[in-house]
2 protein chains.
Amino acid sequence: MTYAIAEAAHRSGLSIDTLRYYERIQLIDPPARDSGGRRAYTDEDLVWLVFLTKLRTTGMPIRMMREYARLRHQGVASAGRRKQILVQQRTEVLGRIAELNSCLDVLNYKIANYEQCERDLEEQAPGRLAEASA
Amino acid sequence: MTYAIAEAAHRSGLSIDTLRYYERIQLIDPPARDSGGRRAYTDEDLVWLVFLTKLRTTGMPIRMMREYARLRHQGVASAGRRKQILVQQRTEVLGRIAELNSCLDVLNYKIANYEQCERDLEEQAPGRLAEASA
DNA sequence: ACTTGACCTGGAGCGCACTCCAGCTTCTAC
DNA sequence: GTAGAAGCTGGAGTGCGCTCCAGGTCAAGT
């Protein structure tokens, strides 16, 4: 089973242009072509694409994804380095989540402040207005 | 107490250039100037800067931070809209955290796979090599 | 035969968020 | 009074990750 580029785009969540772009920068191997010279993506291609989108979602720069892709071609010998990249990325993700949680605290604090302000307004006791507008 | 731009940069974690840039695009109000025409940031300026960095960290686009900054000048009347922006951003952050957690699962799965591969190698039973190199 | 639509290529363009630069002024320390 | 550090301005440049475009090919339907 193979997929035309539009279908591969649909299934991977990437755009057609992005698929071609990823190929150009060697994030993905050039897929097979059909008789008319059109790209024909395999399920295997799709699995790799989906994994790439996961790495992208973690914020991994394309440069590093390229390295990972390159290492993959070197087979088992590069497994150590590949694992290292993933472990490093996991650390980044954990850090990022922690960072976001900390920002979430700030947002929640501010929002609570606005809500208190709203309640005060209803009670005609606008004591927190200055605070909320800061 | 006021701070020269270098000190403000240090305390906010932004670069000097970024501080001037934020001023130019009206994310921050032009700070007071000292007798020599140099920027003199107040503690209040710093508080706002730090809050801005929090919003940036959540991934809020500068365009929206600008809107928030603009609304601030309109005082209490804009509190509802400001709260709305923060609530929306909180939703985004929660979504982003969920997304990152899902990617984390993938990373953990892959890493576990590599580790299993390493153990297999030690035991001279390399059955998972193909899987890990995928 | 011909239109239509999906796909092809190489290359240019874009939006974002900075970051850097040249050339100038101003304060501080010696 | 002079050197050096820090700051100023307006504007250009950068890196990233796409995204769009012109001009062409190919295959299927009518």
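The values are calculated or read from the model by the stated rules, or taken from the named source; none is laboratory data. As the structure is a computational prediction, the values presented were derived from the model and not from experiment. Glycine gets a Cβ as well: all are built from the backbone with ideal geometry, and neighbour counts include every protein chain shown. Quick note on the areas: whole protein, heavy atoms, side chains included, nothing else; ligands and nucleic acids left out. Shrake-Rupley method; radii C 1.70, N 1.55, O 1.52, S 1.80 Å.
The table below lists the values:
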read-out	value
A:A77 surrounded by fewer than 15 Cβ atoms within 10 Å (Cβ to Cβ) and closer than 24 Å to B:C117 by Cα	yes
Residue match in the range B:29-36 (condition: free of Cβ contacts under 8 Å to residues at least 40 places away in the same chain, within 8 Å of DNA strand C (Cβ to nearest atom), under 22 Å from B:A79 (Cα atoms) and not in a helix (DSSP H, G or I))	no
Selected residue (criterion: nearest to the other protein chains (Cβ to nearest Cβ)) from residues of the range B:1-14 that are within 11 Å of DNA strand D (Cβ to nearest atom) and loosely packed, with under 15 Cβ neighbours inside 10 Å	B:H10
A:A112 in a helix (DSSP H, G or I) and at pLDDT 95 or above	yes
Residue list for the range A:46-56, restricted to those being open to solvent by less than 40 Å² (accessible area, probe 1.4 Å) and more than 16 Å from B:Y109 (Cα to Cα)	A:L46, A:L49
Residue match in the range B:90-100 (condition: touching a Ser or Thr at 6+ places or on another chain (Cβ under 9 Å), closer than 14 Å to A:L107 by Cα, of a type outside the set (S, T, Y) and within 9 Å of chain A (Cβ to nearest Cβ))	yes
Test: residue in the range A:89-109 that is within 16 Å of DNA strand C (Cβ to nearest atom), crowded, with 18+ Cβ neighbours inside 10 Å and closer than 21 Å to B:R72 by Cα	yes
Residue under evaluation A:R20, criteria (1) in a helix (DSSP H, G or I); (2) within 12 Å of DNA strand D (Cβ to nearest atom); (3) open to solvent by less than 80 Å² (accessible area, probe 1.4 Å), criterion not met	(3)
Residues of the range B:33-81 satisfying the condition of being farther than 30 Å from A:V93 by Cβ, basic (K, R) and touching a helix residue (DSSP H, G or I) at 6+ places or on another chain (Cβ under 8 Å)	B:R38, B:R39, B:R72, B:R81
Conditions (1) at pLDDT below 95; (2) open to solvent by less than 70 Å² (accessible area, probe 1.4 Å): number failed by A:R119	(2)
Test: B:Y68 is assigned to a helix (DSSP H, G or I), among the hydroxyl-bearing types (S, T, Y), open to solvent by less than 20 Å² (accessible area, probe 1.4 Å) and touching a residue at least 24 places away in the same chain (Cβ under 8 Å)	no
The range B:7-21 residues that are under 19 Å from B:L55 (Cβ atoms), paired with ones that are within 7 Å of DNA strand C (Cβ to nearest atom) and in a loop (DSSP other than H, G, I, E, B) (beta carbon under 6 Å, 6 or more apart)	B:A9/B:S15
Enumeration of residues in the range A:31-44 that are away from DNA strand D (no atom under 16 Å from the Cβ), touching a strand residue (DSSP E or B) at 6+ places or on another chain (Cβ under 8 Å) and open to solvent by 40 Å² or more (accessible area, probe 1.4 Å)	A:T42
Top-ranked residue in the range B:47-86 [being under 10 Å from the mean Cα position of the chain (by Cα) and of a type in the set (A, V, I, L, M); ranked as nearest to the other protein chains (Cβ to nearest Cβ)]	B:L55
Yes/no for B:N113 being at the interface with chain A (Cβ under 10 Å from one of its Cβ atoms), without any contact (Cβ under 8 Å) to a residue 24 or more places away in the chain and open to solvent by less than 20 Å² (accessible area, probe 1.4 Å)	yes
